[in-house]
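The values are calculated or read from the model by the stated rules, or taken from the named source; none is laboratory data. These numbers come from a predicted model, not from an experiment. A quick note on method: Cβ atoms are made from the backbone with ideal geometry, for glycine too, and the neighbour counts reach across all protein chains shown. In case anyone asks, the SASA skips ligands and DNA or RNA and just uses the protein heavy atoms, side chains included. Shrake-Rupley method; radii C 1.70, N 1.55, O 1.52, S 1.80 Å.
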Amino acid sequence: MHHQTALVLFSGGQDSTTCLAHALQSYARVETIGFDYHQRHRVELEARLKVLNEIRRQFPQWEGKLGQDHTLDLAVLGAVSETSLTRETAFRMEASGLPNTFVPGRNLLFLTLAATVAYRRDLQVIVTGVCETDFSGYPDCRDDTMKAMQLALSLGMDKRYLIETPLMWIDKAETWRLAERLGGASLVDLIVEHTHTCYLGDRTHRHAWGYGCAQCPACELRARGWEGYRAGFAPKQIG
């Protein structure tokens, strides 16, 4: 089956922006979907609209492919989640071995609702930025979970969905490199300046890799990936 259309789970962060660029390079029509689950801050909801506008402005070759954006209110997820992403609590590891940034069921719910929108909009591929290489051990980011969701959604809706995970087997440094391959230095600069990753919603402190507190797990991962990416530009030592 030759896929022509895609729906990208788009949060306005580094990973989902890279996935959006991948989809725009790969498919004739691309739509985006975001979720307001009453997360700890609303910065990413604002960032995602800015990123979409900048992609349309800076990449005319993609503008004609980029279609409707959908935002769904998932207040119920925030209401049932006692996590540091939905409550004013410090980041820590739980007895389960997972960080308290894990929102149980989040990606499962996101994919189910994305598939519902894809069904209505006649979109064939669901693109998500989950990763099993550089991640916090979230079980709903694993490749096995994605394969199981693809099967369940395809069976339950009687429609052959493809869940595409462009970042599944690459680390954050390679995610920066992928962005460069897709959109050159302009896309890398856009990701640095406009995307948002910081769990605390910090948009006041600017670093080489973008805005953030530089202390939360998301910032640390993004910064470490940036360092690895930039190390590839360092002149090679001779002798």
Seminar exercise, completed: All conditions in (1) part of a helix (DSSP H, G or I); (2) within 14 Å of the chain's Cα centre (by Cα) are true of Y199 except (1)
For this session: Inspect all residues belonging to region 33-42 and state whether any of them is farther than 23 Å from A75 by Cα, surrounded by fewer than 22 Cβ atoms within 10 Å (Cβ to Cβ) and in contact with a strand residue (DSSP E or B) (Cβ under 7 Å, 6 or more places away or on another chain).
Result: no
For this session: Check whether at least one residue in region 207-219 is modelled with pLDDT of 95 or more and either touching a Pro at 6+ places or on another chain (Cβ under 8 Å) or charged (D, E, K, R) (or both), and report yes or no.
Result: no
For this session: Go through region 136-164 and give me each residue that's among the aliphatic types (A, V, I, L, M), touching a strand residue (DSSP E or B) at 6+ places or on another chain (Cβ under 7 Å) and over 30 Å from E220 (Cα atoms).
Result: L162
For this session: Working only within region 124-145, note down all residues that are within 16 Å of S16 (Cβ to Cβ) and touching a residue at least 24 places away in the same chain (Cβ under 8 Å).
Result: V125, I126, V127, T128, G129, V130, C131, D134, Y138, D140, C141
Exercise. Hey, among the residues in region 112-158 that are of a type in the set (G, A, S) and touching an Asp or Glu at 6+ places or on another chain (Cβ under 9 Å), which one's modelled with the highest pLDDT?
Worked result: A118
Exercise. In region 36-61, which residues are in contact with a helix residue (DSSP H, G or I) (Cβ under 7 Å, 6 or more places away or on another chain), farther than 15 Å from T197 by Cα and not charged (D, E, K, R)?
Worked result: Y37, H38, I55, Q58, F59
Exercise. Part of a helix (DSSP H, G or I), of a type outside the set (K, R) and within 29 Å of L109 (Cα to Cα): does that describe G225?
Worked result: yes
Exercise. Out of region 126-172, which residues are outside any loop (DSSP other than H, G, I, E, B) and crowded, with 18+ Cβ neighbours inside 10 Å?
Worked result: I126, V127, D140, C141, T145, M146, M149, Q150, L153, I163, E164, K172
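Every residue, every condition in (1) crowded, with 21+ Cβ neighbours inside 10 Å; (2) closer than 26 Å to R203 by Cβ; (3) within 17 Å of the chain's Cα centre (by Cα); (4) free of Cβ contacts under 8 Å to residues at least 60 places away in the same chain, yes or no:
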residue	(1), (2), (3), (4)
L45	no, yes, yes, yes
K50	no, yes, yes, no
R56	no, yes, no, yes
G67	no, no, no, yes
For this session: Please enumerate the residues belonging to region 3-27 that are open to solvent by 10 Å² or more (accessible area, probe 1.4 Å), assigned to a helix (DSSP H, G or I) and farther than 25 Å from R42 by Cα.
Result: H22, Q25, S26
Exercise. Tell me, which residue of region 194-224 that is more than 22 Å from H38 (Cα to Cα) and of a type in the set (A, V, I, L, M, F, W, C) is most open to solvent (accessible area, probe 1.4 Å)?
Worked result: A208
Problem set entry | Complete set of residues in region 21-57 that are polar (S, T, N, Q) and at pLDDT 95 or above | Q25, S26, T32, N53
For this session: Being closer than 30 Å to V125 by Cα and among the small types (G, A, S) narrows it down to one of A231, A179, A223, A214, so name that one.
Result: A179
Problem set entry | Filtered residue count, region 126-183, keeping only those that are among the polar types (S, T, N, Q) and within 12 Å of the chain's Cα centre (by Cα) | 3
